[in-house]
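Asks: Below are the structure tokens for one structure; questions will follow.
Laboratory data are not the source of any read-out in this text; all were calculated from the coordinates shown. Remember, predicted model here, so these are calculated numbers, not experimental data. Here Cβ is always computed from backbone atoms with ideal geometry, including for glycine, and neighbour counts include all displayed protein chains.
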Amino acid sequence: MRTEINSADELYKNIDTPHTFRDPDAAHLTINHDKVIEMHSVSGLIVNTEEIEDGIEVKMHLEDNTVIEKDVHLCFGMLPEKGIQRIVMEVNIGDNSNISLLAHCIFPFAVDVQHLMDAEINIGEGSSYKYYERHVHSPQGGVKVVPKALVNVAKGAEFRTEFELIKGRVGSIDIDYETNCDADSIVEMVARISGREDDIIKLKEIAHLNGENSRGVLTSKIAVRDSARAEIYNKLTASAAYARGHVDCKEIVQDHAVATALPIVEVHHPKAHITHEAALGSVDNKQLDTLMSRGLSEDDAVELIIDGLLGE
């Protein structure tokens, strides 16, 4: 049994660019379990934290007319094998401001870990907020990840987010994001996840295009093998003139895995338009034959096709 270790460096070993946390010109926040162990901010960005039961409350405010040139790096991790980490985030982005956050969620030794995220994000007029989430899990998959977010995107603003598991097994992931978009705004949500053994993937993404000329794209690329399960629910609604959107769900299913997809599109205005595409099934036989004819084994060929899907 590992004991609690508040070691930023040990967490950073699992990050491709650990030097970014030592850059004096870049903001960062590092949390291990229920403790803030490092924090650095930059001009125009105000970050306050408070300890709560099993976690941290984070309040982030970006002032009006502020552009943060370098990515803000967040490290949310659990070095112990067991425990609960709860992150409660309140994010307010001022008008005409830009920020990009890269969240490294690190659970390298997890046997029975829960990572719970509850966020409310408000993006001001003409602003841009990008949130890229990169996960590192243990080989045992002993982690349950439950991120939930409500996002409000003001006129002319944009919200872009990506979720990706880059190492280890899924364990259990249950994502629930809902976004409300005003006129001329943009929302783009992308998830790339590969599940094995008895992993469970649940993804629920909803975007409401409420304003004229708003745009939305929901993209899910999922692969499940062995006895893993995936349940994907994507919903895009358009209720204003010239709102445009697309839902794209692709799932590769191998072995005894099970995948379901429920893309829902709703149009409430005659001048709005939404499209959707869903494809579920095994790897493409033509691609598989081509790769095997070039000397790859069937397993290696399948891995290459899945890597291609998730990397698109």
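Asks: Suppose every Lys and Arg Cβ carries +1 and every Asp and Glu Cβ carries -1, with no other charges. What dipole size does the stretch 8-285 come out with about its Cα centre, to the nearest 20 debye?
Replies: Dipole about the Cα centre, nearest 20: 680 debye.
Asks: A further question follows. Treating only the Cα positions of the stretch 43-146 as identical point scatterers, give the base-10 log of I(q)/I(0) from the Debye formula at each q in 0.13, 0.18 Å⁻¹.
Replies: Normalising to I(0) and taking log10 leaves -0.51, -0.86.
Asks: Continuing with the same structure: Any idea what the relative contact order of the stretch 37-156 is, in percent, if you count C-alpha pairs under 8 Å spaced at least 6 apart?
Replies: Worked out over the stretch 37-156, it gives 24 percent.
Asks: Right, another one. Step through the residues of the stretch 197-214 one at a time and calculate ³J(HN,Hα) from phi using the Karplus curve (6.51 cos²θ - 1.76 cosθ + 1.60, θ = phi - 60°), rounding each to whole Hz and writing x for Gly and Pro.
Replies: Couplings: 6, 9, 4, 10, 10, 10, 10, 10, 10, 10, 9, 10, 8, 8, x, 4, 6, 6 Hz.
Asks: What are the GluC sites (Glu not before Pro) within the stretch 1-78 that DSSP puts in a loop, where the Cβ has at most 15 other Cβ atoms within 10 Å?
Replies: Listed in order of number, the matching sites are Glu4, Glu53, Glu63, Glu69.
Asks: Grab the DSSP H runs of the chain that are 4 residues or longer, score each as -39,500 (n - 2.57), total them, divide by all residues and round the 222 nm result to the nearest 500 deg cm²/dmol.
Replies: On the way: 3 runs with 28 residues, N = 312.
Value at 222 nm, helices only: -2500 deg cm²/dmol.
Asks: Filter the trypsin sites (Lys or Arg not before Pro) in the stretch 23-109 to those in DSSP coil with at most 15 other Cβ atoms within 10 Å of their Cβ, and list the result.
Replies: Working: sites: Lys35, Lys59, Lys70, Lys82, Arg86; in loops: Lys70.
Counting only loop positions with at most 15 other Cβ atoms within 10 Å, the trypsin sites (Lys or Arg not before Pro) in the stretch 23-109 are Lys70.
Asks: Say the cut-off is 25 Å between C-alpha atoms; which of Lys13/Lys148; Lys59/Lys167; Lys144/Lys250; Lys202/Lys235; Lys70/Lys202; Lys70/Lys250 go over it?
Replies: The pairs that break the limit, which is 25 Å between Cα atoms, are Lys13/Lys148; Lys59/Lys167; Lys70/Lys202; Lys70/Lys250.
Asks: Something else now. If you find the alpha carbon centre of the stretch 29-84 and of the stretch 217-231, how far apart are they in angstrom?
Replies: For the stretch 29-84 versus the stretch 217-231, the Cα centre distance is 29 Å.
Asks: Related question: Got the relative contact order for the chain handy, in percent, Cα pairs under 8 Å and 6 or more residues apart?
Replies: Computed over the chain, the figure is 10 percent.
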